[in-house]
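Visitor: Take a look at this one; I'll ask things after.
Bear in mind these aren't lab numbers, they're just calculated from the coordinates by the rules spelled out. Just so we're clear, the structure is a prediction, and the values are computed from it rather than from any experiment. Positions of Cβ are backbone-derived with ideal geometry, glycine not excepted, and every protein chain shown enters the neighbour counts.
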Amino acid sequence: MAVFMQSLISGILIGGVYALIGIGLTLIFGVMRVINFGHGDILMVGMYLTYLLFTYLGIDPFVSVLITFPLMFLFGGFLQKVFINRVLNAAAQNQILLTIGLGLIMSNTVMLIFTSDYKILSTSYSSATIQVGGGVSVSTPLLISFLITAGITAALYWFLLKTDTGQAIRATAQDREAAQLMGINVKRMSILAFGLGSALAGTAGALIAPTYYIFPQVGAVFTLKAFVITVLGGMGSVVGATLGGILIGITESMSAVYISSGWKDVVVFVLFLLVLLFRPSGLMGKSRT
Amino acid sequence: MLRIDKLNFAYGDLKVLWDVDLEVHEGEIVTVVGANGAGKSTTLKNISRLVRPGSGTIRFLGQDLGRLQPHQVVEAGLIQVPEGRRIFPEMTVMENLRMGSYVKGTRGDRERNIAWVFELFPRLREREKQLGGTMSGGEQQMLAIARGLMGNPRLLLLDEPSLGLSPLLVKNIFDILTGINRQGVTILLVEQNVYQSLRISHRAYVMETGRVVLTGQGDELLANDHIRKAYLGM
């Protein structure tokens, strides 16, 4: 029982970070109908940013979120304004090529500067744990990152549901032309959405930096993961991506404990295929009519 | 107030508007009637700048709309209630109304405008928390008009508000439009329901295959032989 609780709690904790990655991707897709295949690379940039802030300025990775979030927001807004906005009406394959290309440029630029050596960001608490009773212990960095994730997610929900700008982002996602007729500047909303999506991915990168290896190609894994989470939850659904992220986290953690850590990705993809088979539009998705 | 001069427009190689001239004066209800594909909706899309501009000029209160982005047209006080209602399906009635007053200058009047549209459409007050996408066609049309009114329109454009509604509801909607007009909102209406719309209009334009073929006062046109034969089946 303790083992079960242990892996369930770890799964939820890591799932929180996955949710952050997935929400970023789904937000971008919802507003622009563009799948950002450079999403993991944006996360990777966030990781390196955190690494730099820690190594050269001694800023704690969790504190550095305060710097990473706004910087990655600006970076994403820049990508949208300069590149993505130009292909919004282009064919899907052109948009995909553009985002893959941007991702490649990011990972290769980072490789040029830092080489492809693995970097490790080790803090005093990197391997610390906290006992929560019943023989269950949780990793301290994972717990802190989960709390930050929960805070950011709650703030994001509030922003999207309660503020005029947040509602305008949702309106643009639901009907772009009708949104224009409300006086909403949809180009601006696209910049905001891509900025926010990038800030969330970058923040996720900062949060996992103390527990993951940092290298230029690390993004590819997360792009795939983000894609699975988003499709699982229903493309464009923020609630779906939140649930999808947690679900993937639990699945990974459970299968690592009960089967083998080598099989966890297989289990995730089998689950993914099953959901698609029985609910093709995802958990919270609307079937397209 | 609104003046269109020699508007020409094409979707790719398909020309749909030919030298359209149209004028709306302050305080009027002006209707554009015509069959499906006559170019009525395309004219409205041009006014709201939802399509790439064709040739010709569109001026609103002396301002050339040709230079503006769609959201700037709304900021100028020219609001369109689009064909097919285009309610935000995943947002509640209240959220849809709030989006109607997204433009900064109108947010201050939000509470007053909500009270006003709830008075016009009491049904919406009952449905305040319901998601837009789950409402009936008639309710959605009421919401679409109410949402348009939330933005303090100087000129309200309506594209086929009677589409798909029962005759009773159509009469109801048109009565409300007359009422809104008496309260000072100028209206440009595009309709296939020729009889009802001409009845409430001060002036009307008849469009056929992308051209304005006839123009006059509402009651004049209702008595016109061509109109009676082609559109009213008399």
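Visitor: When the Cα centres of segment B:118-150 and segment B:77-107 are compared, how far apart do they sit, in Å?
Guide: Spelled out, the Cα-based centre of one part sits 11 Å from the other.
Visitor: Where does segment B:161-234 land on Rg/Rh, using Cα atoms and the Kirkwood Rh?
Guide: 0.96
Visitor: Using the 10 angstrom Cβ neighbour count as an exposure proxy, how do A:Leu273, B:Leu149 rank, fewest first?
Guide: A:Leu273, B:Leu149
Visitor: Inside 10 Å of the C-beta atoms of A:182-195, what's the mean count of C-beta atoms belonging to other chains?
Guide: The shielding value for this peptide is 4.
Visitor: Another question, if that's okay. Using C-alpha positions alone, give me the convex hull volume of the protein assembly as shown per residue in cubic angstrom.
Guide: Per residue, the Cα convex hull of the protein assembly as shown comes to 175 Å³.
Visitor: Okay, next question. With labels modelled as points extended 7 Å from the Cα through the Cβ direction, what inter-label distance (nm, one decimal) is found for A:Asp164 paired with B:Arg112?
Guide: Taking the simple label geometry, A:Asp164 and B:Arg112 are separated by 1.6 nm.
Visitor: Could I ask something else about it? Which one, A:Ile208, A:Leu232, A:Ser10, projects farthest toward the positive side of the charge dipole computed for chain A from Cβ point charges (K/R +1, D/E -1)?
Guide: A:Leu232
Visitor: How large are Rg and Dmax for segment B:1-49 when calculated on the C-alpha trace, in angstrom?
Guide: Using the Cα atoms of segment B:1-49, the pair Rg, Dmax is 11.3, 37 Å.
Visitor: Distance between Cα centroids, segment A:14-34 to segment A:128-181: provide it in whole Å.
Guide: 10
Visitor: Which order results if B:Trp18, A:Trp158 are arranged by neighbouring Cβ count within 10 Å, fewest first?
Guide: Lowest to highest Cβ neighbour count: A:Trp158, B:Trp18.
Visitor: Follow-up question, since we're still on this one. Shielding by partners for B:86-95, please: the mean number of other protein chain Cβ atoms within 10 Å of each residue's Cβ.
Guide: For peptide B:86-95, the averaged partner shielding equals 4.
Visitor: Would you mind estimating how fast segment A:53-191 diffuses translationally, via Stokes-Einstein at 25 °C and 0.890 mPa s with the Kirkwood radius over Cα pairs, in µm²/s?
Guide: Result for D is 130 µm²/s.
Visitor: Note the full-extension length gain between A:Ala155 and A:Ser137 as 0.36 nm times their separation in residues minus their Cα-Cα distance, in nm to one decimal.
Guide: Roughly 3.7 nm would be gained on extension.
Visitor: Continuing with this model, one more query. Between their Cα atoms, which of A:Lys286/B:Lys104; A:Lys119/A:Lys187; B:Lys45/B:Lys104; A:Lys187/B:Lys15 are more than 30 Å away from each other?
Guide: A:Lys286/B:Lys104; A:Lys119/A:Lys187
Visitor: Now for a separate question. Take peptide A:165-178, look around each residue's Cβ out to 10 angstrom, count Cβ atoms belonging to other protein chains, and average those counts.
Guide: That average works out to 5.
Visitor: Pop the C-beta distance of B:Leu168 and A:Glu177 into the FRET formula with R0 = 30 Å and round what comes out to the nearest 0.05.
Guide: For R0 = 30 Å, the calculated efficiency reads 0.50.
Visitor: Still on this structure, I have one more. Specify the angular offset, from 0 to 90 degrees and rounded to the nearest 10, of the alpha carbon long axis of helix B:137-149 from the longest principal axis of the alpha carbons in chain B.
Guide: In chain B, helix B:137-149 runs at an angle near 90 degrees to the longest axis.
Visitor: What is the sum of charges, Lys and Arg at +1 and Asp and Glu at -1, for the other residues whose Cβ falls under 15 Å from the Cβ of A:Gln217?
Guide: Combined, the nearby Lys, Arg, Asp and Glu give 0.
Visitor: Name the most mobile residue of B:Pro82, B:Pro70, B:Pro153, meaning the one with the largest mean-square fluctuation, in a Gaussian network model of chain B with Cα contacts below 10 Å.
Guide: Fluctuation is largest for B:Pro70.
Visitor: I've got another one for you. Taking the convex hull of the alpha carbon atoms in chain A, what volume per residue do you get, in Å³?
Guide: Spread over its residues, the Cα hull of chain A gives 134 Å³ apiece.
Visitor: How high is the FRET efficiency from B:Leu120 to B:Asp21, r the C-beta distance, R0 41 Å, rounded to 0.05?
Guide: My answer for the efficiency is 0.80.
Visitor: So, one more: To the nearest whole percent, what portion of all C-alpha pairs in segment B:10-100 is separated by more than 18 angstrom?
Guide: Cα-Cα pairs of segment B:10-100 separated by over 18 Å account for 54 percent.
Visitor: Any chance you could check the Cα centroid distance between segment B:8-27 and segment A:206-265 for me, in angstrom?
Guide: A separation of 53 Å, based on Cα centres.
Visitor: So what's segment A:168-226 giving for Cα Rg divided by 2.2 N^0.38 Å, two decimals?
Guide: Output field value: 1.54.
Visitor: Continuing with the same structure: Could you name the aspartates and glutamates in cross-link range of A:Lys225, using Cα to Cα under 19 Å and dropping any fewer than eight places away on the same chain?
Guide: Once the sequence-local aspartates and glutamates are set aside, what remains near A:Lys225 is A:Asp41, A:Glu252, A:Asp265.
Visitor: Here is a further query. At a 10 angstrom cut-off on C-beta neighbours, averaged per residue, how do the peptides A:231-242, B:45-56, B:203-214, B:166-177 rank from highest to lowest?
Guide: With the highest mean Cβ count within 10 Å placed first, the list reads A:231-242, B:203-214, B:45-56, B:166-177.
Visitor: Net charge near A:Val228: determine it from the other residues with C-beta under 13 Å of the C-beta of A:Val228, scoring Lys and Arg +1 and Asp and Glu -1.
Guide: 0
Visitor: Can you put A:Tyr118, B:Tyr231 in order of Cβ neighbours within 10 angstrom, beginning with the fewest?
Guide: Taking fewest neighbouring Cβ atoms as first place, the list is A:Tyr118, B:Tyr231.
Visitor: At what distance in nm do the modelled label points of B:Ser136 and A:Met5 sit from each other, each positioned 7 Å from its Cα along Cα→Cβ?
Guide: The answer from the label model is 5.5 nm.
Visitor: Which whole-number percent of Cα pairs in segment B:79-152 have a distance greater than 18 Å?
Guide: I get 28 percent for the Cα pairs in segment B:79-152 exceeding 18 Å.
Visitor: Shifting gears a bit: What FRET efficiency comes out for the pair A:Tyr125/A:Ser260, r = Cβ-Cβ distance, R0 = 41 Å, nearest 0.05?
Guide: The formula returns an efficiency of 0.90 here.
Visitor: Based on the alpha carbon coordinates of chain B, what radius of gyration and maximum Cα-Cα distance (Dmax) apply, in Å?
Guide: Considering chain B through its Cα atoms, Rg and Dmax are 17.2, 50 Å.
Visitor: Right, another one. Starting from the 7 Å offset along Cα-to-Cβ, what nm value, one decimal, do you get for the label separation of B:Gln183 and B:Arg199?
Guide: Each label point lies 7 Å from its Cα, and together they span 2.2 nm.
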